[in-house]
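Q: Once you've had a glance at the structure underneath, I'll fire off some questions.
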Amino acid sequence: MPLGLFELVVLILGAAFLAGLAGSVLGIGGGIFLVPYLTLMPFLRLPLQEAIATSLIAVIATSSGAASVYVRDRLTNLRLGIFLEVATTFGAIVGAFVVVFVPSQVLEVAFGLVVLYASVYMIRTREGARERAAIAPEEGGIVERLRLSGFYFDPEDQAVYRYRVVRPAAGFGVSALAGGISGLLGVGGGFIKVPAMNVLMRVPMKVAVATSNFMIGVTAAASAFIYYSRGFVDPSVAAMVIVGVFLGTSFGTRLLVRAPARAVRFAFAALLVAVAVAFIGSGVGWVH
Amino acid sequence: MGPLRERPRDALEFARRRVQALRKAVVAEVADINRGISHVLRGGVLVSVGVLLAGLTIAALEGSGFSFEVLEPGQLLGPLLRLQPAALLSLGVLILILTPVARVALSLLSFLRERDRRYVEITTIVLLNLLVGFLLGIA
């Protein structure tokens, strides 16, 4: 059923605006909200594959719109992003084949528990000026050879912070997992990449958000093209989504730069709790 | 500088210097990897939004409603030249999907120019992975 003007403008443009806003502040593409919204919202009720396709478009729009600002402001760690993209793109390909053999309930519950752990960790850990300039052990191995560590300017307190990246191998592994999940669910996987960088690799929160934002567009592009060539993209819906997200990211990018890192972490942790509950609920069978 | 018409040679020299300075600025802008990537991402989004808005406006003026079938990249050219809204919308979506790919390609070029062998390899792997994904999608 073709959608009318009202549905397109109010329900889709509005949601896309919010997705772009939240996505650019939290380093996610917003697919985690958009897919359920588009399939479940009365008046819309898009078929799942069309919802996933639309959501992937939104992820690319959020990523490109927000990353252009964060890259220019040097909040994004380009090298770290490109390094982890090897893992996410590889994971997306492998995931599409392997995931068939694992029961999805097991996957969902396991996944929910991991996400819950990350949220608790993020709420409990402080991120003040001292923590941001984390005193890491001597650099060596991959981090030094690939020059993954970096620095960024934080307008919150007008300071430049140098940070060191730790545990590159663990971060690489988790990113590969994130890639596998994003291809499967039609999401960018930012809700895994941000904690992987912030919690595991000790990257400051805002840099983790900006770098995740940078990466999710590439992860989504490969899947989006697949959905496009199979005819699941409704161009009129996609157009509304892109315009809405574009407006949302214009506000969101300004918000992140000024917001206190603590508030961003807290908002992100709240998001993770919601995601974890949804996954565990779905895995155990409360929700269908 | 005196009045220009009295010294055409000076004016010429002045213009030449301006062009040189401008070219230098442009080259510096492009050579900076951060700025280059930022421009590609922003440009991709802006062009896509522009094409989409044109498509939506034409559709609204024609009063033909907003729902369209998606067009294959191969069949886009003809309808595009006739400014059909469906073709414009499809093109806008395609431009957006290809924007991150263009970004990866540009970073590869930048690392090549910097002769950063490790990152040339890493970026090539990312590009190949994307290519494999695209090919698997078509198959």
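Q: Just to be sure I understand: if you take the accessible area of chain B alone plus chain A alone and subtract the pair, with a 1.4 Å probe, what total do you get in Å², rounded to 100? If you can, show how the numbers build up before the last one.
A: Values: alone 10630 and 13910 Å², together 20020 Å².
Interface area, both chains combined: 4500 Å², rounded to the nearest 100.
Q: What does the charge count around A:Glu7 come to, taking other residues whose C-beta lies under 14 Å from its C-beta (Lys +1, Arg +1, Asp -1, Glu -1)?
A: Values: positive: A:Arg45; negative: A:Glu50, A:Asp234.
Net charge around A:Glu7: -1.
Q: Could you please report the charge total around B:Leu96, scoring K, R as +1 and D, E as -1 over all other residues with beta-carbon less than 13 angstrom from its beta-carbon? Could the numbers behind the result be given before it?
A: Details: positive: B:Arg42, B:Arg103; negative: none.
Charge balance near B:Leu96 sits at +2.
Q: Sum up the charges of everything whose Cβ sits under 12 Å from the Cβ of A:Glu50, counting Lys and Arg as +1 and Asp and Glu as -1, but leave A:Glu50 out. All intermediate terms of the calculation are to be shown ahead of the outcome.
A: Values: positive: A:Arg45, A:Arg230; negative: A:Asp234.
Local charge sum for A:Glu50: +1.
Q: Please list the non-local residues whose amide H lies under 5 Å from the amide H of A:Thr76, H modeled 1.01 Å from N, same-chain partners needing a gap of 5 or more.
A: Placed amide hydrogens put A:Val71 under 5 Å from A:Thr76.
Q: Whole-Hz ³J(HN,Hα) for each residue in segment B:102-117, computed from phi via Karplus 6.51 cos²θ - 1.76 cosθ + 1.60 with θ = phi - 60°, x for glycine and proline: what do you get?
A: 4, 5, 5, 4, 5, 5, 4, 4, 4, 5, 4, 5, 6, 6, 8, 4
Q: Separate question: Express in % the proportion of alpha carbon pairs of segment A:5-283 at distances exceeding 23 Å. Don't skip to the answer; put the middle values down first.
A: Values: 19205 of 38781 pairs.
Of the Cα pairs, 50 percent sit more than 23 Å apart.
Q: What residues qualify as long-range amide H neighbours of A:Gly150, i.e. H under 5 Å apart, gap of 5 or more or another chain, H built at 1.01 Å from N?
A: A:Tyr163, A:Val165
The values are calculated or read from the model by the stated rules, or taken from the named source; none is laboratory data. Since the model is a prediction, treat every value here as computed from it, not as a measurement. Because the Cβ atoms are built from the backbone with ideal geometry, glycine has one as well, and the counts that use them run over all protein chains shown. In case anyone asks, the SASA skips ligands and DNA or RNA and just uses the protein heavy atoms, side chains included. Shrake-Rupley method; radii C 1.70, N 1.55, O 1.52, S 1.80 Å.
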